[in-house]
Amino acid sequence: MKKLMLGNEAVARGAYEAGVMVATAYPGTPSTEITENIAKYDDIYAEWSPNEKVALEVAIGASIAGARSICSMKHVGLNVAADPLFTVSYTGVNGGLVIMVADDPGMHSSQNEQDSRFYAMAANVPMLEPADSTECKELVKEAFRISEEFDCPVIVRLTTRIAHSRSIVELGEREDISLREYRKDPGKYVMMPAMARARHVEVEKRMKRLGDFSNQATLNRIEWGNRDIGIITSGIAYQYSREAFKDASFLKLGMVYPIPEDLIREFAAEVETLYVIEELALFLENQVKQLGIKVTGKDVLPVVGELSTGMLKEKLLGQGPEPGCSTEEKVPVRPPVMCPGCPHRGVFYVLKQMKLTVTGDIGCYTLGALPPLGSMDTCVCMGASIGMAHGMEKARGREFASKTVAVIGDSTFIHSGITGLIDIVYNNGTSTVIILDNSITGMTGHQHNPVSGYTIKGEPAKQVDLVKLAQAIGIERVRVVDPYDINEFEKVVKEEVSVDEPSLIISKRPCALLKGVKFEGPLRINKEKCKICRICMRIGCPALVDKGSHIEINETLCGGCGLCTRLCRFDAIEKAGDLNEKC
Amino acid sequence: MKNVNMIIVGVGGQGTLLTSKIIGNAALKESYHVKVSEVHGMSQRGGSVITYVKLGSSVDSPLVEKNEADIIIAFEKLEALRWIEYLKKGGSLVVNDQQINPMPVITGREKYPDNIIEKLRHMCGYEKVIAVDALKIAKELGNTRVVNLVLVGILARLMPFSKEIWLESIKESVPTKYYDVNKKAFEVGFGLM
Ligand code: SF4
Ligand code: SF4
């Protein structure tokens, strides 16, 4: 059967067909749908882990126990999982172990543009890179074979345009793979210095064998065309190059580490001009240059952002786009916004009113940094808000801490915030931390987490009790507040920043997009009562529109959360339908 | 088999992803080679979103370049204006005559351009711009979420697929209990042309 599948969905299918038994992940765009789709297969155990490090450790455990296992994450997640990665490279595997990492060139939904291919090189782990959904499925299956044959984890790297593009996939059957025997083997699995030294030698031997394999693997193929131009490329860059250079010769790499050195030499010798076309850093290019081969690549192409067919045509072939429709009109930008009814909105309104320094974190609430709320000072990585608030206090003193708060989501707090909070308590900090508990992982499309009370398969689970957790690590001041009640919220924040000890404020309200969340229905502005003072506009709700002569509520967007009514001093915002003209 | 390049633009959350899924599946049923490229994540929160659909006998890059789109489907008119450079000369624009203000307009810092539809017609040719108030039609059908199916109905007239294939694809892409209202919306759009 043929199906149109998202790259991520095809990866899930590949895992299923490869007989995977255990799949773990922490959600992160553009990787999330891999594990969401794996969870739909009853034959596979799947979990959202608290973070990528735990996710990889679980997958390693499953692999050593004899099961084929897969662990998925976005590029920055691999930084979190880097610790186990570098050592599982030494221990090797029992059942095959595949690590999926999805890079985000162009930063559609990320805080940096790192090139994860360097992890393969640094950790001595082979890396494959598919160029469409069919390859996503096939390369995942191949990755499991390589993992078991060479006794090592295998990384499969995607980029946004592969992960989030649909193309046609032919479905296959699930392989009948049984658990491998589990054998206690401290020399292989207990990485203390004496054992690890021996294993490192094995790792280097393995990489040599993998280098030979790369030269012969069908994963790397030459597509001969016109020999004036030869192009070495992989992944999405292959697709752009194919479209821009119809007649050129290609060395298309499915295995990007280790590279097939002999094959590259052979290819380079046959073509007149050699290009290396890759997104982001000079990963392939520098390796090819090290072979003493002359290439054109990043001397012409950018290391920043995505490539495109048009860009290749322009920069390498000197063909600019033909003029089509165009507009001189100034088109206002449309940045993302928090949804109407979002529980975070009230929080950031209060923080802005109080003119606090706000160390922020990763999630929908990072949008609190944009106008008109504009109340976030920093955002670095998962969990950083807490440690950074503490660092600011240690640098600038208690007085500064009384004007600073850290803001972090529930899922992000579980991921990497807990240790930061322990640091504050342990090292006599006085920071105030606000957990935005909206009972879900919002930005990535609503995944469950240890606070939400459900597993990835929707089964009920124990919920982390954030209040008890804070008390257990030594925080004596824990407050739970409803962020819709902005007056109460402001009062609580004032009290907590002024005390000489650490405090935790839990802002509790479910995400407005969750199924069970119901509002009263849209509101409207009573033009007779409205004095056009524009206070309501300060919360930045997309349903509230400044028409110049009057303020209006867009009834198709407004759910009726009522936040704006709490700001209006003239009682001018009322339920739509109360006025006759509405009916 | 003629290649057709398309982009679907709108505001995150408007249902552009379902639309591209329906088109993609219909193309597959008609034995086209097809690629669809979507945007997930942050911009789905009310930002400007674009989905690319390419079909033909063979497709390499999943992305449509500037001046390459045979068809643009715009769920919102400012978004039509934003992405109009993607339309090739002689291409068709299906635009939902709906205004959703972006934040700089909401806060009064910038102005929402006037007469967008007129300007688009001027740019691309009068008969090439098909404007429709799909939200109004959807409201009349009792479900504001079927805006996308009205637009798909119009698109169906511009595409070489049979109507049966469209309906099959819709049936497979929407929850069973909403099939009837989605089908109705499609029929209204189909009947407009
Ligand atoms: S706060 Fe009330 S009076 Fe002021 S602009 Fe908004 S609706 Fe009108
Ligand atoms: S009630 Fe007010 S704040 Fe809430 S969604 Fe409607 S307009 Fe926005």
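Each reported figure results from applying straightforward, stated rules to the coordinates on display, with no laboratory input. All figures in this text were calculated on a predicted structure; none of them were measured in a lab. Cβ: placed from backbone, ideal geometry, glycine included. Neighbour counts: every protein chain shown.
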- Message: Give the aspartates and glutamates reachable from A:Lys468 as a straight Cα distance under 19 Å; neighbours fewer than 8 places away on the same chain don't count.
- Response: A:Asp410, A:Asp423, A:Asp437, A:Glu476, A:Asp482, A:Glu496, A:Glu501
- Query: Per-residue HN-Hα couplings for the range A:86-103, Karplus 6.51 cos²θ - 1.76 cosθ + 1.60 at θ = phi - 60°, whole Hz, x for Gly and Pro?
  - Reply: 5, 9, 5, 4, 7, 5, x, 10, 10, x, x, 10, 10, 10, 9, 10, 10, 7
- What is the set of long-range amide H partners of B:Val4 at a cut-off below 5 Å, with H atoms built 1.01 Å from backbone N? B:Leu55, B:Gly56
- Message: Test of understanding: express the Cα radius of gyration of the range A:221-317 as a ratio to 2.2 N^0.38 Å, with N the residue count.
- Response: 0.95
- Item | Average partner coverage of B:62-72, which counts Cβ from other chains inside 10 Å | 5
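Go through A:570-576, A:298-304 and give me the packing order, highest mean Cβ count within 10 Å leading. Working shown, then result.
Numbers: A:570-576: 16.3, A:298-304: 13.0.
For the peptides A:570-576, A:298-304, the packing ranking is A:570-576, A:298-304.
Averaged over peptide A:316-325, how many Cβ atoms belonging to another chain are found within 10 Å of each residue's Cβ? Don't skip to the end; give the middle numbers.
Numbers: counts 0, 0, 0, 0, 0, 5, 5, 4, 14, 19.
The mean count of partner-chain Cβ atoms within 10 Å per residue comes to 5.
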- Query: Which ³J(HN,Hα) values in Hz, rounded to whole numbers, follow from the phi angles of the range A:473-483 under the Karplus curve 6.51 cos²θ - 1.76 cosθ + 1.60, where θ = phi - 60° and Gly and Pro get x?
  - Reply: 8, x, 8, 8, 9, 10, 10, 10, 10, 8, x
- Work out the charge dipole of chain A with +1 on the Cβ of Lys and Arg and -1 on the Cβ of Asp and Glu about the Cα centre, then indicate which of A:His164, A:Gly360, A:Ile146 is farthest towards its positive end. A:Gly360
- Evaluate the Debye formula for the protein assembly as shown with equal point scatterers sitting on the alpha carbons, no solvent, and hand back log10 of I(q)/I(0) at q = 0.06 Å⁻¹, in q order, two decimals. -0.40
- Message: Let me check against my output: what whole-number percent is the relative contact order of chain A, with C-alpha pairs under 8 Å and at least 6 apart?
- Response: 11
- Item | Whole-number D in µm²/s for the range B:105-189 (Stokes-Einstein; Kirkwood sum over Cα pairs; 20 °C, 1.002 mPa s) | 146
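Grab the DSSP H runs of the protein assembly as shown that are 4 residues or longer, score each as -39,500 (n - 2.57), total them, divide by all residues and round the 222 nm result to the nearest 500 deg cm²/dmol.
On the way: 28 runs with 274 residues, N = 776.
It lands at -10500 deg cm²/dmol.
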- Message: Per-residue Cβ counts within 10 Å, from other chains only, averaged over A:537-547: what number is that?
- Response: 4
- In sequence order, what are the phi-derived ³J(HN,Hα) couplings for the range A:124-135 according to the Karplus relation 6.51 cos²θ - 1.76 cosθ + 1.60 with θ = phi - 60°, rounded to whole Hz, with x for glycine and proline? 6, 10, x, 9, 10, 9, x, 10, 6, 5, 4, 5
- If the limit is 22 Å between Cα atoms, which of B:Lys88/B:Lys171; A:Lys515/B:Lys177; A:Lys457/B:Lys54 go over it? B:Lys88/B:Lys171; A:Lys457/B:Lys54
- Message: For a bin width of 10 Å, list the pair-distance distribution of the range A:523-578 built from all Cα-Cα distances, rounded to whole %.
- Response: 25, 66, 8
- Please get the size of the charge dipole for the range A:344-508, origin at its Cα centre, with Cβ charges of +1 on Lys and Arg and -1 on Asp and Glu, quoted in debye to the nearest 20. 200
- Among the trypsin sites (Lys or Arg not before Pro) in the range B:72-111, which ones are in a DSSP loop with at most 16 other Cβ atoms within 10 Å of the Cβ? Mind listing them? B:Arg109, B:Lys111
- Query: For helix A:384-396, what angle does its Cα long axis make with the longest principal axis of chain A, in degrees from 0 to 90 and rounded to 10?
  - Reply: 70
- Hey, can you grab everything whose amide H is under 5 Å from the amide H of A:Ile231? Only 5+ residues off in sequence or another chain; H modelled, so Pro and N-termini drop out. A:Ser249, A:Phe250, A:Leu251, A:Tyr275
- Message: On the principal axes of its Cα set, how long, how wide and how thick is the range B:4-192? Give whole Å, largest value first.
- Response: 47, 38, 35
- Query: What percent antiparallel are the DSSP beta bridges of the protein assembly as shown, to the nearest 5?
  - Reply: 35
- Note on the structure: Non-local residues with an amide H under 5 Å from the amide H of A:Ala67, with H modelled 1.01 Å from N and Pro and chain starts lacking one, are A:Gly95, A:Arg180
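If you put +1 on each Lys and Arg Cβ and -1 on each Asp and Glu Cβ, how big is the dipole of the protein assembly as shown around its Cα centre, in Debye rounded to 20? Intermediate results must be reported in sequence, preceding the final value.
Values: 92 positive and 97 negative charges, 269 e Å.
Dipole about the Cα centre, nearest 20: 1300 debye.
Mind ordering A:514-523, A:207-216 by average Cβ neighbours within 10 Å, highest first? Numbers along the way, then the final one.
Working: A:514-523: 13.3, A:207-216: 16.0.
Put in order of decreasing packing, that is A:207-216, A:514-523.
Could you list the GluC sites (Glu not before Pro) in the range A:209-303 that lie in coil according to DSSP, counting only those with at most 13 other Cβ atoms within 10 Å of their Cβ? Could the numbers behind the result be given before it?
Numbers: sites: A:Glu223, A:Glu243, A:Glu261, A:Glu266, A:Glu270, A:Glu272, A:Glu278, A:Glu279, A:Glu285; in loops: A:Glu272, A:Glu278, A:Glu279.
Filter output for the range A:209-303: A:Glu272.
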- Which lysines have a Cα lying under 17 Å from the Cα of A:Lys313, excluding residues fewer than 8 positions away in the same chain? A:Lys246, A:Lys298, B:Lys66
